[in-house]
Amino acid sequence: MANPDTIFSAPIDKIGDFTFDERVAEVFPDMIQRSIPGYSNIISAIGMLAERYAKPHSNVYDLGCSLGAATLSMRRHINQEGCQIIGVDNSSAMVERCRLLINAYRSDTPVTIIEADIRDVDIQDASVVVLNFTLQFLAPIDRRALLEKIYAGLRPGGILILSEKYIFEDESANELLIDLHHDFKRANGYSELEISQKRSAIEHVMLPDTIETHKQRFNDIGFKSAEVWFQCFNFGSMFAIK
Ligand SMILES: C[S@@+](CC[C@H](N)C(=O)[O-])C[C@H]1O[C@@H](n2cnc3c(N)ncnc32)[C@H](O)[C@@H]1O
């Protein structure tokens, strides 16, 4: 059973910015499952999309791989000669645990986990790139350059899968979706204190975009088509095809 997430359960005097440190890595599977509506559906579907889009002798990237949930899902589904998966994360606590989880089982599709900033890694000859709840943690000013680099490194017909938390321009719709997300967290056993302390910790480090901003940016960069394929409350996932 996953270690329970109790990080924000006791009152914290001075709430610092949220980081993906050792404490978070230790409880991450429980935290993400109880915090992101639809997370396991998205992970399963990433495997299905990778099965369709991964090409022989190409690279598949999982950027901001954390403990490798998307990598493992893709590895289970990909059956292409010479295809390899490269997971990247800049949290050493995540990378260390991710490598252990990946190495626990062997597979015909090789996986390399790199500890690095996703802004610094080369994206080359890619058929599939995954950003599963990672872009939102990048400074807004850095997002376009990363997506341009991904576009340049994708083969024609390749796919980018981008899952994010969204904000909505319509104020009342935005508030309703935020409330529903908090209901989801309550239903998953988080207290009012946990919800509000986590919100304070994350509000400066996670700045969501609107769906329209994502679509416009994909379009400006040159992606042929971009659509939302999953949404639950203010969380969702899009694909963009080169
Ligand atoms: C919400 S988690 C991603 C969850 C994961 N993709 C999954 O499907 O379970 C965000 C991850 O992105 C990583 N991250 C954030 N900014 C990064 C950056 N600039 N370079 C590399 N990794 C980054 C964090 O360390 C964290 O592990």
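Can you list the GluC sites (Glu not before Pro) in region 57-162 that are in a DSSP coil and have 12 or fewer other beta carbons within 10 angstrom?
Glu81
Show that you can apply the helix-only estimate: for the chain, add -39,500 (n - 2.57) for every DSSP H stretch of four or more residues, divide by all residues, and state [θ] at 222 nm to the nearest 500.
Estimated from H runs of four or more residues: -13500 deg cm²/dmol.
Which of the lysines could a cross-linker span from Lys185 if the Cα-Cα distance has to be under 29 Å and same-chain partners fewer than 8 positions apart are dropped?
Lys14, Lys165, Lys198, Lys215
Calculate one ³J(HN,Hα) per residue across region 81-88 by plugging θ = phi - 60° into the Karplus curve 6.51 cos²θ - 1.76 cosθ + 1.60, and present them in order as whole Hz with x for glycine and proline.
Here the 3J(HN,Hα) series is 4, x, 8, 10, 10, 10, x, 10 Hz.
Distance between the C-alpha centers of region 14-61 and region 142-205? Whole Å please.
13
Mind checking the per residue accessible area of the chain for me, 1.4 Å probe, whole number of Å²?
Averaged over the residues of the chain, the accessible area is 48 Å².
Which of the peptides 66-79, 202-215, 42-55 is most tightly packed, and how do the rest follow, judged by the mean count of other Cβ atoms within 10 Å per residue?
In decreasing order of mean packing, 66-79, 202-215, 42-55 become 66-79, 42-55, 202-215.
From the phi angles alone, apply the Karplus equation (6.51, -1.76, 1.60; θ = phi - 60°) to region 29-36 and give each ³J(HN,Hα) in whole Hz, x where the residue is Gly or Pro.
Running phi through 6.51 cos²θ - 1.76 cosθ + 1.60 with θ = phi - 60° gives x, 5, 4, 6, 4, 8, 10, 10 Hz.
Using the eigenvalues of the Cα gyration tensor, what equivalent ellipsoid semi-axes result for the chain when each is taken as the square root of five times the eigenvalue, whole Å, largest first?
Ellipsoid semi-axes (Å, largest first): 28, 22, 16.
Find the relative contact order for the chain and round it to a whole percent, using C-alpha pairs within less than 8 Å whose residues are 6+ positions apart.
Relative contact order, the chain: 22 percent.
With charges only on Cβ, +1 for K and R and -1 for D and E, what is the dipole size of the chain about its Cα centre, in debye, rounded to 20?
Magnitude of the dipole: close to 780 debye.
Check Asp62: other-chain or 5+ apart residues with amide H under 5 Å from its amide H, H built from backbone geometry?
Ile86, Gly87, Val88, Val130
Whole-Hz Karplus ³J(HN,Hα) for region 138-147, in order, using 6.51 cos²θ - 1.76 cosθ + 1.60 and θ = phi - 60°, x for Gly and Pro?
For region 138-147, the Karplus-derived couplings read 8, 3, x, 5, 8, 5, 4, 4, 5, 5 Hz, x marking Gly and Pro.
The values are calculated or read from the model by the stated rules, or taken from the named source; none is laboratory data. Computed from a prediction, not measured in an experiment: that's the story for all the values here. For neighbour counting, all protein chains shown are included, and Cβ atoms are generated from backbone atoms with ideal geometry for every residue, glycine included. Accessible surface is based on the protein model in full, side chains and every heavy atom, while ligands, DNA and RNA are left aside. Shrake-Rupley method; radii C 1.70, N 1.55, O 1.52, S 1.80 Å.
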